Amino acid sequence: MAILFFSDVLKKVGLDPTKVCLIRHAYSDKTFRECADSGKIYEYTCHQKIRFKGYNYDYWAVFISGQGTLAKLFALYKVGNYVSDTPDRVPAGVPELEASHYKGEGIVYDLEPVELLKEYEGKITIEWGSSARAWYQKGTTEKAIVSLIPDEKKVFMGYENVLLSFDQLKEIVENPEVYEPWHTALKSVYAIYLIVDTENGKQYVGSAYGVDGLFGRWECYVNTKHGNNKKMRKLICDYPDRYHAFQFSILQILPKTVVEDDVIKIENIWKKRLLSKEFGMNNN
């Protein structure tokens with residue numbers, strides 16, 4: 001049972017929760033993802049549709065979606081004036097997709113960063129709840145705090161429990177300081193792994209037996225999006241953002257003493273079991 005809520009934090013720093021709007025940006029949204037990857041989250045937040053009555057609140061507490069229905073605090077803003085989102089007001093450097101939404105049909109707010117929660121930005125994680133589609137809610141809504149300060153090192157969950165989206169894998173690969181236990185665990189083994197396209201259910205069975213073990217192979221997917229697999233490469237050529245739908249898991253762990261030929265033999269057994277050549281993404 002939760003004993004600490006985000007509304008308690010707001011009160012602690014002297015803010016009235018009734019005057020704070022909680023906003024949750026979803027990383028699954030293409031426009032937001034492009035803005036986030038370009039360092040333009042502030043600009044994206046300022047730009048809102050006219051039906052969003054943000055001016056009814058004095059402050060916005062902005063969160064970014066995490067795993068499941070979790071959300072991590074990004075920033076706290078004081079709400080100022082607003083103007084129409086005419087094309088001449090497109091901020092410099094925002095991605096083209098975001099810029100294309102400036103049609104004079106929305107609103108651009110003047111948001112002033114507030115320092116009250118500065119030391120907790122990126123450190124407070126809340127449970128947004130089952131109504132994840134409700135991307136903004138009142139500050140009085142009880143949002144349980146599930147983490148105040150993230151661990152310096154993310155604990156490895158065990159090979160049998162690994163189930164990662166592409167974006168989660170990318171975060172692990174690109175943050176070695178935080179995910180050091182993951183890097184160590186994945187580099188220490190060979191493996192037979194499974195990639196599933198969650199859009200259509202097609203499977204790909206692969207093997208990892210290089211110097212950096214499973215980590216090295218999966219790092220290749222992060223860098224290339226397709227791991228140099230023929231069918232995946234064609235899929236991404238036709239649907240450039242499809243790699244975000246890839247899910248990674250481990251079928252079998254192998255010691256690094258196993259020779260390459262034996263790893264490939266085991267990989268082929270899994271291909272036959274899962275019919276990944278006949279109905280999946282394996283080419284051979």
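The values are calculated or read from the model by the stated rules, or taken from the named source; none is laboratory data. Worth saying up front: this structure is predicted, and the values here are computed from it rather than measured. Virtual Cβ from ideal backbone geometry, glycine too; neighbours counted across all protein chains shown.
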Can you pull out every residue in segment 95-112 that is in contact with a helix residue (DSSP H, G or I) (Cβ under 8 Å, 6 or more places away or on another chain) and touching a residue at least 24 places away in the same chain (Cβ under 8 Å)?
P95, L97, E98, H101, Y102, I107, V108, Y109, D110, L111
Within segment 109-134, how many residues turn out to be modelled with pLDDT of 85 or more, surrounded by 15 or more Cβ atoms within 10 Å (Cβ to Cβ) and under 23 Å from R51 (Cα atoms)?
3
Based on what the data block shows, is V155 buried (at least 19 other Cβ atoms within 10 Å of the Cβ) and closer than 30 Å to Y221 by Cα?
no
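Listed here are the residues, each with its yes/no results for (1) closer than 30 Å to L163 by Cα; (2) in contact with a Phe, Trp or Tyr (Cβ under 6 Å, 6 or more places away or on another chain); (3) β-branched (V, I, T); (4) outside the structural domain of E112 (by TED's automatic domain parsing).
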site: H47; (1), (2), (3), (4): no, no, no, no
site: K53; (1), (2), (3), (4): no, no, no, no
site: Y57; (1), (2), (3), (4): no, no, no, no
site: A61; (1), (2), (3), (4): no, no, no, no
site: I64; (1), (2), (3), (4): yes, yes, yes, no
site: G68; (1), (2), (3), (4): yes, no, no, no
site: N81; (1), (2), (3), (4): no, no, no, no
site: D85; (1), (2), (3), (4): no, yes, no, no
site: V90; (1), (2), (3), (4): no, yes, yes, no
When segment 28-53 is checked residue by residue, the ones that are free of Cβ contacts under 8 Å to residues at least 60 places away in the same chain and within 15 Å of K138 (Cβ to Cβ) are K53
So, T31, is that one of a type in the set (S, T, N, Q), within 27 Å of E199 (Cα to Cα) and in contact with a Gly (Cβ under 7 Å, 6 or more places away or on another chain) or not?
no
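Going by what's in this entry, would D8 be described as surrounded by 14 or more Cβ atoms within 10 Å (Cβ to Cβ) and on the phi < 0 side of the Ramachandran plot?
no
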Go through (1) in the same structural domain as D241 (by TED's automatic domain parsing); (2) assigned to a loop (DSSP other than H, G, I, E, B) one by one and return the number of the condition H101 breaks.
(1)
Determine whether segment 161-172 contains at least one residue that is under 18 Å from T31 (Cα atoms), outside any strand (DSSP E or B) and out of contact with any strand residue (DSSP E or B) (no Cβ under 8 Å at 6 or more places or on another chain).
yes
With the condition kept exactly as written, say whether any residue in segment 206-226 is assigned by TED's automatic domain parsing to the domain that holds I269 and in contact with a Pro (Cβ under 6 Å, 6 or more places away or on another chain).
no
